[in-house]
Structure formats: structure tokens, C-alpha cells
Amino acid sequence: MDYAEDEDAYAISEVSTMAASEQAIEELSGKIFFAALGATEICNVYLGHKTGLYRALADHGPQTSAGLAALIGADERNVREWLQAQAVSGLVTVSGQDLRTAEFALVEGGREVLVDELSPAYVAPLSQAAVTAGRMMSRLVDAFPSGTGVAYADYGPDAIGAQAALNRPAFVNELVASWLPALPGVADRLADRSRPAAVADFGCGSGWSSIELAKAYPHITVTGFDADPTSIDAAIKSADDAGVADRVTFQLRDLAQPVDGQYDVAFLFECLHDFGYPDRVLRTVRAATPEGVVVVMDEAADDVLVAPTEDPVQRFFANISPLWCLPQGRDESDMDPIGTVIRPDRLRELATGAGFAEVEVAPIEHPFFRFYTLA
């Protein structure tokens, strides 16, 4: 036996293993770095969103740092530094090298993505969610050992505003135009003027879904239910502003408890996974719709765990859940929320347990949402 050859082969193998480990380390450290980069960029988006910088650029066109600062009443030096970051990250264009004299403008698509609150592409409120999650980290760290959770109200107005603002464009642009036509039984019942439908919007939040339903079907009545008083107050005001307050009412209710009345059609828009008692909520919904149909819209999570995955939507669902949806649903000891990753089998299990005989996935394609009909 040639021991020297064996030693050489072992040494080569060891070097190969070390090289592979170094590559893995480099890739992982790079992944964390780019995550940190994204965090800093989203914080700067928050600055532009909340201070009105993006809107000023969209409304007034190219500006110097001094001109933009004057438009929003801000310090020029702070605005100049923010503009530099935005230019480097590719969110604004810059006309020259001198930051004091150069003009800056939103990139193409900037109004739709960062300013227009009804645009299907509007995602600026994601910055509110990200910054809010950052603010809550000490609370989440404290809650981890006990599992007590952090109440939704404690996340503050940015959180409530973000959720409402992110879903509003979908309700305005897709609910009536594309989602309901794919549910002919539901659409026909809503359109039936001979028997005006009584509609319930469970977990209505700030009321945008209820308002769009009432605008599309002027003969129906809609009752929105939610447990958050700030959201209900905002919904009442928005319904009045939209001129539908005579047919849309909102009630502050814990949906783990029964509600008054019976309804022909009920909706749960992206809320079931948040509830601390999803089983009780579905029993409430079942009791309120004994002869009706229920539509659930919730996250389009993969049918089974895929890990790791390069799918950014699935990564977002998995990562937002321990920061947002799970803790908000665990502020009482016996609560058992689903979390953001709501898989079809789990929803079917809960629905059949609540007394629904039929649970069908609706034929609606959407990158973020899956739709179910329950009856």
C-alpha cells in the first residue's frame, strides 16, 4: 500500500471540503448582506412615502434638492442625502454629478408604484409594514419565550394603514372586474335585484372591500365586522365619503362570538389566517349564512412545505408570519392562529369542522391570493 498516495488523496479531499465550506460561507454572508441592503432601501422608501417626497416629485416633475426640500418643507441637506440614496438604488434619476445643482425625477413607473393609491402596482405601504416590524422587534423578542404574542393594536397606526392601503387597489381594480365574474353563483346572487342580497364582510378592516361591493351593486346591503376600533372608525368615515353609508354599516365585534342576523353572501378577505380563534370565527360565519355562500380570500401558500425556495412570494409569507400575523393572533393564552402560511388542507380542515359541507378552490389566478367557496 502506498501510504503517501493515500495521504495526498486525503489532503486533496480535505482541501476540496474546505473550499466548498468557504464557498457556502461566502454565499450565506452575501445573502445576509443583501437582506440588510434591502432593509436600508425599504427604510428610505418609508421616508419618501411618509414625508411626501415621492408625491412632490410625481406632481411637480424634476427638482433640485433645494427645490424638493422647499416643496415639502424639509431640510435641504437631509433631502439631498436621501436623493443620493434613491439615485444610487435606481428609484430616481439624476441629471448630473453635482448633487446641489442636479435635478432628480422619479423613474418611469414611480407614480404607479410609489404614489397612486389606487394603482394595481402601488406597494409603497410595504415600507410601513417593514418599519413597523422593526419597531416591534424588542416586543417580539420578549414574547418569544412565553408565546404571549403582541396585540394588533400595539403595532400602531402604520400597521393598520399599511394593511388597508395594500389591499385597497385590489378591491378597486379586481374584486368586481375579475374576481366575482369567476364566481358566477356569487356574482348572480349579488346582481339579483328581485332579492337584494344581505352581505357580510367578516374581518372588514378599514372597509374598502365593503365599499366597493356596495358601489358595484347599489341594491345590496353590506355589514362589515371587525374587532379593531381604529379600523372600524376609518371604515365608517370612508363609507360616508364614498356616499354608501346608507347601505353599508360597520360593527365592532369579536368574531369568535356569534353575530346578529343572517346573510346571503359572506366574504373573508385576507383575514382568516390572522384570527386567534379561526375555528370559532368559521363557526360564527357558518351560523350567519345557513343558506348562503361564503368566499374566503387568503394567502396563496404552497400546498406543502418547500424549503428552501427561490419563490419570493413564499419567502415573504414565511418571513412575515413570525413578525406580524402569528404574534398578533396570540395575545390570549388559548389562541391558535394559523399564521400567514395558510395551506389549503388546513383551511379545509377548519371549514369542515365548522360545519361547511363543501370547500372548493375557486378558479381565480392570483400571485398572492387563493380563493375558496364554502357552503
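Odds and ends about this structure:
- A single entry from E81, E41, E26 fulfils the requirement of being assigned by TED's automatic domain parsing to the domain that holds V92, among the acidic types (D, E) and more than 27 Å from T132 (Cα to Cα): E26.
- Any helices (runs of 4 or more DSSP H) falling wholly within the range 203-292 and containing at least 1 residues that are within 19 Å of the chain's Cα centre (by Cα) and under 17 Å from Q328 (Cα atoms): 229-241, 278-288
- Residues that are under 18 Å from F267 (Cα atoms), out of contact with any Pro (no Cβ under 9 Å at 6 or more places or on another chain) and surrounded by fewer than 18 Cβ atoms within 10 Å (Cβ to Cβ), drawn from the range 336-361: P344, R348, T352, G355, A357, E358, E360
- Against the numbered list (1) surrounded by fewer than 18 Cβ atoms within 10 Å (Cβ to Cβ); (2) not assigned by TED's automatic domain parsing to the domain that holds P322, L53 comes up short only at (1).
Yes/no per residue for (1) at pLDDT below 95; (2) of a type outside the set (K, R); (3) surrounded by 15 or more Cβ atoms within 10 Å (Cβ to Cβ); (4) on the phi > 0 side of the Ramachandran plot:
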residue: G90; (1), (2), (3), (4): no, yes, no, yes
residue: R100; (1), (2), (3), (4): no, no, no, no
residue: R111; (1), (2), (3), (4): no, no, yes, no
residue: V115; (1), (2), (3), (4): no, yes, yes, no
residue: P120; (1), (2), (3), (4): no, yes, no, no
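- Where helices (runs of 4 or more DSSP H) sit wholly within the range 96-169, those with at least 1 residues that are of a type in the set (K, R), over 13 Å from the mean Cα position of the chain (by Cα) and under 17 Å from Y54 (Cα atoms) occupy 110-114.
- Some residue of the range 236-255 being touching a Phe, Trp or Tyr at 6+ places or on another chain (Cβ under 6 Å), small (G, A, S) and either closer than 24 Å to L190 by Cα or without any contact (Cβ under 8 Å) to a residue 40 or more places away in the chain (or both): no
- Cβ-Cβ distances below 6 Å connect the following pairs, each with a first residue in the range 143-155 that is closer than 20 Å to A227 by Cβ, a second residue that is assigned to a loop (DSSP other than H, G, I, E, B) and among the basic types (K, R), and a separation of six or more residues or different chains: G149/R330.
The values are calculated or read from the model by the stated rules, or taken from the named source; none is laboratory data. Just so you know, these numbers come straight off a predicted model, no measurement behind them. Heads up, the Cβs are rebuilt from the backbone with ideal geometry, glycines too, and the neighbour counts pull from every protein chain shown.
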